[in-house]
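A.B. asks: Following this message is one structure expressed as structure tokens.
Bear in mind that the values in this text are calculations on the coordinates, not laboratory data. All values derive from a computational prediction rather than experimental measurement. Note: ideal-geometry Cβ built from the backbone for every residue, glycine included; neighbour counts use all protein chains shown.
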């Protein structure tokens, strides 16, 4: 099941690939990568999900992974049986080209009991270097 949270995203088309960050919460999905921001809505049905995203360019200079300069509307279908989702997407502006992607749920690190037991730094407990005789100058 696609849970509310933050996901690391990896995606590719036959001509390029990219990575980004995606947030999912309350039926909304949004995020960004090095070229675009994206936002839209998603629906979850058990392990399956669908989403429609609109993209907006924030950085000029290169084409999208679909090979065009324009902003895109993506239709996404995927499954998420655990913490990793896989999906395919098509852009309405580039019929026939398929994007394949993976979303990995990021989780805050668990609090470690050992981290609480780290002693305070005490330089007096460091090993001492041997004293070397002084050479005359």
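A.B. asks: Answer yes if at least one residue in region 61-78 is surrounded by 12 or more Cβ atoms within 10 Å (Cβ to Cβ), touching a residue at least 40 places away in the same chain (Cβ under 8 Å) and not in a loop (DSSP other than H, G, I, E, B), and no otherwise.
C.D. replies: Among the residues of region 61-78, at least one is surrounded by 12 or more Cβ atoms within 10 Å (Cβ to Cβ), touching a residue at least 40 places away in the same chain (Cβ under 8 Å) and not in a loop (DSSP other than H, G, I, E, B), which makes the answer yes.
A.B. asks: Taking region 33-60 on its own, how many of its residues are in contact (Cβ under 8 Å) with a residue 12 or more places away in the chain and not in a strand (DSSP E or B)? Let's see the steps before the verdict.
C.D. replies: Keep residues of region 33-60 that are in contact (Cβ under 8 Å) with a residue 12 or more places away in the chain, which gives 33-44, 46-59.
Of the ones still in play, those that are also not in a strand (DSSP E or B) are 34-35, 46-47, 58-59.
Looking only at that region, the number is 6.
A.B. asks: Here's another thing I want to ask about it. Filter region 79-107 for residues that are surrounded by 15 or more Cβ atoms within 10 Å (Cβ to Cβ), in contact (Cβ under 8 Å) with a residue 60 or more places away in the chain and more than 16 Å from residue 5 (Cβ to Cβ); which is nearest to the chain's Cα centre (by Cα)?
C.D. replies: Step by step, filter region 79-107, then rank; the result is 101.
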